[in-house]
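Enquirer: Structure below; questions to follow.
The values are calculated or read from the model by the stated rules, or taken from the named source; none is laboratory data. All values derive from a computational prediction rather than experimental measurement. Cβ placement follows ideal geometry from the backbone for every residue including glycine, while neighbour counts extend to all protein chains displayed.
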Amino acid sequence: MKATLIILSVFLFVAFYNGAESAPVGSDVVSCCFDYIKKPIPPKHVADYFYTSSRCSRFAVVLVTRKNRKICANPEDEWVNNIINVLEVPETQS
């Protein structure tokens with residue numbers, strides 16, 4: 001009886017352990033936001049941005065800082081749109 005219990009325990013452990021790592025290498029990881037930043041951040045701290053996936057429950061702009069931190073922001077906020085406009089201006093015009 002003990003041997004059967006041990007074998008079953010090992011089998012379950014291996015099954016759950018392998019299942020946790022079953023995503024293929026390079027699989028599409030979706031970044032979603034569940035809350036927005038409350039206070040504006042200075043545009044000079046933002047290096048890049050991207051929009052969250054349509055698969056996310058909340059549409060957001062993810063601002064990537066120069067220190068590579070990702071901050072979720074409301075795309076309807078004026079300050080967020082100002083940052084996007086600054087980032088979209090070609091370097092030759094600034």
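Enquirer: For the range 74-85, how many residues are within 16 Å of Val62 (Cβ to Cβ) and either of a type in the set (D, E, K, R) or at pLDDT below 95 (or both)?
Expert: Looking only at that region, the number is 2.
Enquirer: Sticking with this one: Which of the residues spanning the range 29-66 are more than 20 Å from Pro90 (Cα to Cα) and free of Cβ contacts under 8 Å to residues at least 12 places away in the same chain?
Expert: Hits for the range 29-66 are Val29, Lys38, Lys39, Ser54.
Enquirer: I've got another one for you. Mind checking whether some residue in the range 6-21 is at pLDDT 75 or above and not hydrophobic (A, V, I, L, M, F, W, C)? Please lay out each step first, then the result.
Expert: Step one: list which residues in the range 6-21 are at pLDDT 75 or above, which gives none.
For the range 6-21, residues at pLDDT 75 or above and not hydrophobic (A, V, I, L, M, F, W, C): absent.
Enquirer: Quick one: in the range 48-61, of everything that is surrounded by 13 or more Cβ atoms within 10 Å (Cβ to Cβ) and over 11 Å from the mean Cα position of the chain (by Cα), which residue is farthest from Asn82 (Cα to Cα)?
Expert: Step by step, filter the range 48-61, then rank; the result is Phe59.
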